[in-house]
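These notes are about the structure you will find just below.
Here, each number is a calculation from the coordinates, and none is a lab measurement. Fair warning: this is a prediction, and the values are worked out from it, not measured in the lab. So basically every Cβ, Gly included, is an ideal-geometry build from the backbone, and we count neighbours across all protein chains shown.
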Amino acid sequence: GLGAPSWEPPQSIHKQSEGKVPKITANGMIVHASSGNWVLPFWRQKPRHIFIRNPETDQTTRRCTGPKGSKRRTSAAVLISADRGRNWHASAKPIESRTAGWLIENTLVELDSDSSLLMLFRTKAGAIFSCKSFDAGESWSTAKAVDTLVNTDSKVHMIKLRDGRLLLAGNDHPRPFVHDRSANELVASRERTRMVVWVSKDEGETWQRLARIDDGSQTAQAPGNFLSGLVFGGGGKASGTPRPSDFPNPGTSDPFQLRDMDESSELSTQYHYPTLMELPEGSQKQAGCAAVVAYTKSKLNVVSQKTTGHEIHVTCISLS
């Protein structure tokens, strides 16, 4: 046989001492086919953040409690290697946005039509933001909101299928606020109660919602059998049909934005931190699907905002 797998010792490729700000990555590297560059999305996160809510606008922002005038700012970028990982450098200009709140947990693909790179971001603005690079990641366009991709300030992941379509997984509801009756104030909730998969057939210009990841006890199928779910080990199911449980407060005009916060509140099921992967062609028939989405499933206490029971689940996606 080939023997036990072995790994070289890890090496630092971008230190915190560079700019004196932490560097973080949450999604994988891609190889830019036309240039051969290895491109790894990452972000620089300003330390010592706190949440501050504006009672006049009901908006929650993240601010630094560090010294005023500090140049340490949260920004996104990519790391680029032109020699198969021996040397790395960061894209020159940080990607920032005053309207996004922050641009983090970025995910990217190379587009077939012109070899440009498309990058999407988690934000605090209630929507996913995007930008493009036309020089193999060295510089990037201004990040702008994709109004059709609602997001609850949670991680997303995007891949390009072999046929050129793009798949995207993430939470597609606004960030809820809960009513703390003891203090008579609204508190931003960490709820991520619905995860969906989108597809784009035009390189990210438009997106269609394909399916929702449900608890394994629920069964449903996407319209037209375009995308269906196959449970792996009691994981999730992919569903295209919204249910009343999608909306915690169906009788209100804004069903996601207000929920009572009291001791009788039930635990909320969380679906978050998705990772997509297209399966090799030879394995699709055996597995009965073309791609999988892995994600973390947990329970959130609406009162304490603490999560418990974290598990990794996998849902199979069958693409026609």
For the Glu18, Arg84 Cβ pair and Förster radius 25 Å, calculated FRET efficiency rounded to 0.05 is 0.70
Plugging the Cβ-Cβ distance of Lys306 and Trp7 into 1/(1 + (r/R0)^6) at R0 = 30 Å yields, to the nearest 0.05, a FRET efficiency of 0.30
For the pair Lys144 and Asp114, the simple spin-label estimate (label points 7 Å beyond Cα toward Cβ) gives in nm 1.3 nm
In nanometres, the difference between 0.36 nm per residue of separation and the alpha-carbon distance of Gln59 and Lys93 is 9.4 nm
For the range 89-96, Karplus-derived ³J(HN,Hα) couplings (6.51, -1.76, 1.60; θ = phi - 60°; whole Hz; x for glycine and proline) come out as 9, 8, 4, 5, 9, x, 8, 9
Amide H neighbours of Ala291 at under 5 Å, excluding residues fewer than 5 places away on the same chain, with H built from the backbone geometry, are Leu279, Ile317, Leu319
